[in-house]
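Right, one structure below, let's go through it.
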Amino acid sequence: MTEETPGFEEKPDVPSGATPDDAEPKTAASPEGEGAAPAGDANAQIAGLTAQLDQVRKALEERTTDLQRLQAEFQNYRRRVERDRITVKEIAVANLLTELLPVLDDIGRARDHGEFVGGFKSVGESLETVAAKMGLQQFGKEGEPFDPTIHEALMHSYAPDVTETTCVAILQPGYRIGERTIRPARVAVAEPQPGAQTVKAEDAETEEKDNSSEEG
């Protein structure tokens with residue numbers, strides 16, 4: 001009967017030159033292809049990702065369109081605000097200059113009567129210069145054709161030496177700012193003498209006949 005040595009366990013026999021790991025049983029290899037996703041599942045994943053990508057692209061296009069619309073609306077708003085600002089400024093300047101027109105009329109009358117001298121002349125010229133810098137322009141001259149859009153006829157007469165309704169006297173000059181008339185020129189007008197055109201035409205015809213007779 002063989003005696004066992006206390007404290008030692010029996011170990012399986014290990015062939016000479018082999019490592020201890022060789023003595024441990026090896027786990028059987030997993031079957032080939034185990035754990036790999038089927039081809040159908042991969043295609044489904046690709047289709048799902050493609051659908052998500054299309055949704056993202058569509059959302060991006062919508063957001064881009066919204067941004068472009070907002071930018072266009074903002075540009076229109078800025079232009080409208082700038083246009084309104086300029087309009088308000090022009091109205092304010094026109095209102096101010098309209099209040100100054102009686103003073104400018106007094107300056108003009110003083111100049112016409114030789115009273116535009118001394119300190120009054122200096123102040124008057126300064127005021128006219130400031131008004132001109134603000135865009136105020138005076139208009140209305142004797143001899144120019146009457147235009148009801150810029151002239152206001154206060155006196156009317158006939159004259160043999162005019163061929164159309166003409167401004168023969170400027171009673172009060174007109175003023176404009178740019179293309180905007182803030183006061184029409186108040187004028188005296190003269191129209192051609194009734195029958196004068198007929199007489200002139202007859203005289204011209206007679207003169208033409210006389211010239212023809214002399215040539216004959």
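The values are calculated or read from the model by the stated rules, or taken from the named source; none is laboratory data. Not measured: the values here are computed from a predicted model. A quick note on method: Cβ atoms are made from the backbone with ideal geometry, for glycine too, and the neighbour counts reach across all protein chains shown. Keep in mind that these areas ignore ligands, DNA and RNA; they rest on the heavy atoms of the full protein, side chains included. Shrake-Rupley method; radii C 1.70, N 1.55, O 1.52, S 1.80 Å.
What does the charge add up to near ILE107, with Lys and Arg as +1, Asp and Glu as -1, over the other residues with Cβ less than 13 Å from its Cβ? Spell out each step's value before the answer.
Details: positive: ARG109, ARG111, LYS121; negative: ASP105, ASP106, ASP112, GLU115, GLU125, GLU128.
Here the count lands on -3.
Report the accessible area of ARG57, computed with a 1.4 Å probe over the heavy atoms of all protein chains in place, in Å² rounded to the nearest 10.
Here the accessible area works out near 140 Å².
If you roll a 1.4 Å probe over the heavy atoms of the protein chains, what accessible area per residue do you get for segment 51-208, in Å²? List each step's numbers first, then the result.
Details: 11320 Å² over 158 residues.
Per-residue accessible area for segment 51-208 comes out at 72 Å².
Sum up the charges of everything whose Cβ sits under 15 Å from the Cβ of LYS121, counting Lys and Arg as +1 and Asp and Glu as -1, but leave LYS121 out. Working shown, then result.
Working: positive: ARG109, ARG111; negative: ASP106, ASP112, GLU115, GLU125, GLU128.
Neighbourhood net charge equals -3.
For every other residue with a beta carbon closer than 14 angstrom to the beta carbon of ALA47, add +1 if it is Lys or Arg and -1 if Asp or Glu, then tell me the sum.
Neighbourhood net charge equals -2.
Not counting ligands, DNA or RNA, and with a 1.4 Å probe, what is LYS141's accessible surface area in Å² rounded to the nearest 10?
150 Å²
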